[in-house]
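J.: Structure below; questions to follow.
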Amino acid sequence: MKIEYEEINGYLYPKLALPPQNEIYLTRFGRKRLQYLKQYRPFICTNLLISGELNEHLQMIDDEANVLYDRLIEQYKIKRNITEELKENDQMKWVQEVNNIQNCVEEIINRKIIYM
């Protein structure tokens, strides 16, 4: 591999450029994973960035987490018998149950996918 240099004010600086990256749109899970990598795994984050695989990795984590989130929410609703009928009859109980389910599912996703 041949490295090219450019001279600026008498100093030689290598001409380094990152590989082209695809533009991605991340939801909260992808952004949370990026924040985790930057803060607690900077070596992995830097390696992924330099190799051009960071966006692909974040998109994969984001997609996987969103699919798991939707699936687990539905499973917990069925398991706890959270229906539209409950929503009509007792809205506060329905909101409490759904919030509880969402918090449980987010904790599962954080432990199994985001913080691994």
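J.: Suppose each label sits 7 Å from its Cα in the direction of the beta carbon; what would the residue 40-residue 2 distance come out to in nanometres?
T.: 4.5
J.: In Å², and per residue, what accessible area does the chain have when probed at 1.4 Å with the other protein chains present?
T.: Accessible area per residue, the chain: 78 Å².
J.: Further question on the same structure: Cross-link partners among lysines for residue 15, C-alpha distance below 20 Å, same-chain residues fewer than 8 apart left out?
T.: 2
J.: Taking the Cα centre of the chain as origin, work out the dipole magnitude from +1 charges on Lys and Arg Cβ and -1 charges on Asp and Glu Cβ, in debye rounded to 20.
T.: It comes to approximately 440 debye.
J.: Just one of (i) 8.4; (ii) 12.7; (iii) 10.8 is mean projected area of the Cα convex hull in nm² as worked out from the coordinates here. Which one is it?
T.: (iii)
J.: Mind checking which lysines have their Cα closer than 22 Å to the Cα of residue 93? Skip sequence neighbours fewer than 8 apart in that chain.
T.: Of all the lysines, those that pass the test against residue 93 - Cα under 22 Å, at least 8 places apart if same chain - are 77, 79.
The values are calculated or read from the model by the stated rules, or taken from the named source; none is laboratory data. On a predicted model such as this, the values are computed, not experimentally measured, just so you know. Don't worry about glycine lacking a Cβ; one is built from the backbone with ideal geometry, like all the others, and counts go over all protein chains shown. For the accessible areas, the whole protein counts, side chains as well, though only heavy atoms, and no ligand, DNA or RNA atoms are used. Shrake-Rupley method; radii C 1.70, N 1.55, O 1.52, S 1.80 Å.
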